[in-house]
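Nothing in this text is a laboratory measurement; each read-out follows from the coordinates by a stated rule. Here the structure is a predicted model, which is why all the values come from computation and not from measurement.
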Amino acid sequence: MYEHFFQCPYCWEEISFLLDSSVSNQTYVEDCEVCCNPIEISAHFNDRELTVFEARELGQ
Ligand SMILES: [Zn+2]
């Protein structure tokens with residue numbers, strides 16, 4: 001597993017999220033552990049290296 005730290009798009013607190021580095025394209029909806037708003041997360045891995053990470057407000 002790959003732990004990635006990013007800022008919540010709602011409250012701007014730094015939070016972490018665990019990604020599976022063996023899956024090349026991933027999308028999740030995860031509630032922020034600080035403000036509880038739903039965050040849409042997309043991640044792309046290339047040879048187990050994280051190449052793209054996006055965290056945005058759900059529905060944006
Ligand atoms: Zn938040």
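In this structure the amide hydrogen of Ser21, modeled in the peptide plane, comes within under 5 Å of the amide hydrogens of Tyr2, none closer than 5 places in sequence on its chain.
Once the chain from Ser22 to Ser42 is taken as fully extended at 0.36 nm per residue, the excess over their C-alpha distance is 5.7 nm.
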